[in-house]
Amino acid sequence: MGKSIAAFGLTGALLLAGCSLAPAYAPPVVEVPTAYKETGPWTPASPDAVALAPDGWWKVYGDSTLDSLEVQLKQADSSLASAVARYDQARALAAQAQAGLFPEIDLGGSAQANRQSKNRPLRLPAGTGPNTYDNDQFGLSTNYELDLWGRVRNLAAASRAQAQASAADLRGVELSLQAQLADDYMALRGADAQLRLLNDTVDAYARAYQLTRDLHEGGAASGIDEGRSETLLRTARAEIPDVKAQRALFEHAIAVLVGKPASSFSVAGANASPAPPKTPVTAPSPLLQRRPDVAAAERRAAAANAQIGVARAAFFPTITLGLAGGFQDAGGVNLLQAPNTYWTLGPSLSAPLFDAGRRRAAEQFAKAQFVQAAADYRQTVLSAFQDVEDQLALNNLLADEAGEQDLAVKAAEKTQDLALTRYRLGAADYLEVVTAQTAALQLEQAALTVQTRRLQASVDLVRALGGGWTTGDLPKL
């Protein structure tokens, strides 16, 4: 009994002296710029800006239809459901590794009938047959690995970091899907705007065609003028099915994102598109905490660092504390009695002697994994800054382009009105009108295209900035 207590005390002291062999971890170093280069009037640099709400960043567009679609996306999209399942798997693995820090207690029992050879007679209890006996046992047992070198703790730390990386991946998938839905929705509304323009244009061209027919019948215009007017009208009409086809494709894409069959899903047309929002941009340094992909890469680097500690612990002895106790007898009905109790307590040790370099190779593999994870993290950060700068440039430069396009449209509309007036007065032929109308339509279509691109760029900027998410949203596990 005294020896067992001494052994227990020794292992307890060793447990208290346990350490971790993993290198001290800090996120890989990446040079972070002090300011973004491409900020401008539509993306003002605002270090104190309030972050967008992670669960409703699309509300900046003030579009109730988009709000409803985004809610449906979160409830129904199968890609998002798959990402949730992957996170649940990672969280379960983390819980499994965490459980290794605690003893496992097992309950067991057995009832055996045994027969011994007649050449080796036994001293058996009274009432048993010759050379036969029973062996009944019931009790509890546990084996606990003393985590002296941090193997179990580093396994748990690596699993927690991997689960957090999976949580960031989940948010990244969710944000990507939300942005894709918003992008498709802006394109659909752009198609609506193009259809409104073409319908209005067809009406105007129809009136102009009727005018040339009337003038031709009165002898004031030539058949060439009538033909040119009809050509312009039918060309505008021919563009409508193409725009409708584009709209249908965007509608079908949205249906898939919200988990609905394209055959039974539709988005009603709208009379106006959302207005491009001004998006305040914080300083570059918070981007490392607001991009899910950056957070996931950093957590994977942390997990790889912990795995080095796991590999190093394999070079040291493994000490396991065993404890068992219960009841045992050689048959009968009095198993659960004090005289039939038993217990065992004591540590066991296993130390590596020769493995032909297997453990050394495992350590080198773990180190190489960390180097790869650190390089992946740095590349992810660089790509994140590129992504933000790209979208900043698009938002501001497309806004400048939109302003010039609007001025060009106004000038073209003025020219078109003058050409029609000159034609009615007989001061010009219809070729001048055709030229002015064609230029006006092309410029108006280009202006709508730029407007759609601005909306899509604003969506992509919010996505590039992380959509309001931060690393504080990662589960603690």
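The values are calculated or read from the model by the stated rules, or taken from the named source; none is laboratory data. All values reported here derive from a predicted model rather than from experimental measurement. A quick note on method: Cβ atoms are made from the backbone with ideal geometry, for glycine too, and the neighbour counts reach across all protein chains shown. Only protein heavy atoms, including side chains, enter the accessible area calculation; ligands, DNA and RNA are left aside. Shrake-Rupley method; radii C 1.70, N 1.55, O 1.52, S 1.80 Å.
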- request: Count, please, the residues in segment 289-316 that happen to be among the polar types (S, T, N, Q) and open to solvent by 40 Å² or more (accessible area, probe 1.4 Å).
  value: 2
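Table: residues versus (1) at pLDDT 90 or above; (2) of a type in the set (D, E, K, R).
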| site | (1), (2) |
| --- | --- |
| 267 | yes, no |
| 272 | no, no |
| 283 | no, no |
| 286 | no, no |
| 291 | yes, yes |
| 296 | yes, no |
| 306 | yes, no |
- prompt: Inside segment 275-286, can you point out the residues that are open to solvent by less than 40 Å² (accessible area, probe 1.4 Å) and part of a loop (DSSP other than H, G, I, E, B)?
  reply: 276, 277, 279, 282, 283, 284, 286
message: Can you find, within segment 37-62, the residue that is surrounded by the fewest Cβ atoms within 10 Å (Cβ to Cβ) among those that are touching a Leu at 6+ places or on another chain (Cβ under 6 Å) and either acidic (Asp, Glu) or at pLDDT 90 or above (or both)?
response: 38
message: Among the residues in segment 259-274, are any in a helix (DSSP H, G or I), among the hydroxyl-bearing types (Ser, Thr, Tyr) and either crowded, with 19+ Cβ neighbours inside 10 Å or out of contact with any Pro (no Cβ under 6 Å at 6 or more places or on another chain) (or both)?
response: yes
field: Selection from segment 424-442 of residues that are in contact with a helix residue (DSSP H, G or I) (Cβ under 8 Å, 6 or more places away or on another chain) and free of Cβ contacts under 8 Å to residues at least 24 places away in the same chain
entry: 428, 432, 435
query: Looking at (1) assigned to a loop (DSSP other than H, G, I, E, B); (2) polar (S, T, N, Q); (3) touching a helix residue (DSSP H, G or I) at 6+ places or on another chain (Cβ under 7 Å), can you tell me which one residue 289 breaks?
result: (1)
query: Do the conditions hold for residue 24, that is, is it at pLDDT 90 or above, under 30 Å from residue 150 (Cβ atoms) and either assigned to a loop (DSSP other than H, G, I, E, B) or open to solvent by less than 60 Å² (accessible area, probe 1.4 Å) (or both)?
result: yes
- request: Run down 390, 400 and say which single residue is among the acidic types (Asp, Glu) and either touching a helix residue (DSSP H, G or I) at 6+ places or on another chain (Cβ under 6 Å) or within 30 Å of residue 301 (Cβ to Cβ) (or both).
  value: 390
query: What's the number of the condition residue 255 fails, among (1) open to solvent by 60 Å² or more (accessible area, probe 1.4 Å); (2) assigned to a helix (DSSP H, G or I); (3) more than 30 Å from residue 428 (Cβ to Cβ)?
result: (1)
- prompt: Restricted to segment 344-367, and to residues that are among the hydrophobic types (A, V, I, L, M, F, W, C) and surrounded by 12 or more Cβ atoms within 10 Å (Cβ to Cβ), which residue is nearest to residue 292 (Cα to Cα)?
  reply: 366
Criterion: basic (Lys, Arg), part of a helix (DSSP H, G or I) and open to solvent by less than 70 Å² (accessible area, probe 1.4 Å) - qualifying residue of 453, 463, 378, 422: 463
statement: Within segment 396-419, the count of residues that are small (Gly, Ala, Ser), under 12 Å from residue 440 (Cα atoms) and surrounded by 15 or more Cβ atoms within 10 Å (Cβ to Cβ) comes to 3
- request: Taking the residues in segment 167-225 that are under 29 Å from residue 444 (Cβ atoms) and among the hydroxyl-bearing types (Ser, Thr, Tyr) as candidates, determine which candidate is nearest to the chain's Cα centre (by Cα).
  value: 185
- prompt: In segment 191-223, how many are open to solvent by 70 Å² or more (accessible area, probe 1.4 Å) and polar (S, T, N, Q)?
  reply: 2
message: Cβ-Cβ distance below 7 Å, separation of 6 or more or different chains: which pairs start in segment 306-330 with a residue that is part of a strand (DSSP E or B) and end on one that is of a type in the set (Val, Ile, Thr)?
response: 319/11; 321/11; 322/344; 323/142; 324/344; 327/341
statement: How many residues of segment 351-401 are among the aromatic types (Phe, Trp, Tyr) and either touching a residue at least 60 places away in the same chain (Cβ under 8 Å) or within 20 Å of residue 43 (Cβ to Cβ) (or both)? The answer is 3
task: Return the pairs, sorted by first residue and then second, in which the second residue is exposed (fewer than 14 other Cβ atoms within 10 Å of the Cβ) and β-branched (Val, Ile, Thr), the first residue lies in segment 263-282 and is touching a residue at least 24 places away in the same chain (Cβ under 8 Å), the beta carbons are less than 8 Å apart, and the residues are 6+ apart or on different chains.
output: 280/50
